[in-house]
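Down below is the structure, laid out as structure tokens.
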Amino acid sequence: MRVSLFRTSIRSGSLLFAGLLSMAAWAGKAPDDVAAGQTLYLNTCGGCHSVDTDRIGPRHRNVVGRAVASVQGYDYSPALKKLGGIWTPARLDQWLSGTQNMAPGSKMYIELDDPDVRRSIITYLQSVSLRAPKNSRTASPSRHWRKRQ
């Protein structure tokens with residue numbers, strides 16, 4: 001009887017541990033990473049951008065996973081309209097490392113040489129964006145995405 005109780009306890013513990021790992025993976029980045037990214041975002045990007053309002057540049061809420069040049073009512077440069085595609089973390093990293101290299105003639109001029117700074121800012125932008133579905137290449141963002149809870 002003890003052996004079977006022991007096995008049951010081990011199985012339950014394993015399931016609990018697996019559940020905790022899944023929750024940690026779903027939660028994303030640590031709050032400290034997001035806070036550091038928010039500070040860098042405000043200091044580096046905040047002069048022209050806001051999370052919730054268009055300024056000199058378009059708002060950034062839900063930028064990760066959003067189509068390039070797609071904020072309604074914002075007047076994008078022809079260079080950015082021509083770029084097309086989706087803002088993924090990798091694409092944002094490329095963008096922040098040299099906007100004019102990626103879209104010559106765009107309104108934005110920035111080069112962040114430090115990959116850690118770019119990574120922190122992108123981590124923050126991910127935290128204020130909708131969560132992408134597992135197969136983001138085929139899913140429609142407007143119908144299949146859900147807010148991170």
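Tell me the per residue accessible area of segment 52-134 using a 1.4 Å probe; a whole number in Å² is fine.
Details: 4530 Å² over 83 residues.
Heavy-atom accessible area per residue stands at 55 Å².
When you filter the chymotrypsin sites (Phe, Trp or Tyr not before Pro) in segment 38-95 for DSSP loop state and at most 16 other Cβ atoms inside 10 Å of their Cβ, you are left with Tyr74.
Does segment 26-67 come out rounded, prolate or oblate, given a ≥ b ≥ c as the square roots of the eigenvalues of its C-alpha gyration tensor, rounded meaning a/c under 1.5 and, failing that, prolate meaning a/b above b/c? Cα axes put segment 26-67 in the oblate bin.
Spin-label pair Arg61-Thr39: with each label point 7 Å from Cα along the Cα-Cβ axis, the two points sit 2.5 nm from one another. The 3J(HN,Hα) values that the Karplus relation (6.51, -1.76, 1.60; θ = phi - 60°) gives for segment 35-50 are, in residue order, 5, 5, x, 5, 4, 5, 4, 4, 6, 9, 10, x, x, 10, 10, 9 Hz. Gly and Pro appear as x.
Computed with every protein chain present, the accessible area of Thr53 is close to 70 Å² [probe 1.4 Å].
By accessible area, using a 1.4 Å probe on protein heavy atoms only, segment 27-95 has 54% of its surface on carbon and sulfur.
The values are calculated or read from the model by the stated rules, or taken from the named source; none is laboratory data. As the structure is a computational prediction, the values presented were derived from the model and not from experiment. Virtual Cβ from ideal backbone geometry, glycine too; neighbours counted across all protein chains shown. SASA here: full protein model, heavy atoms, side chains in, ligands and nucleic acids out. Shrake-Rupley method; radii C 1.70, N 1.55, O 1.52, S 1.80 Å.
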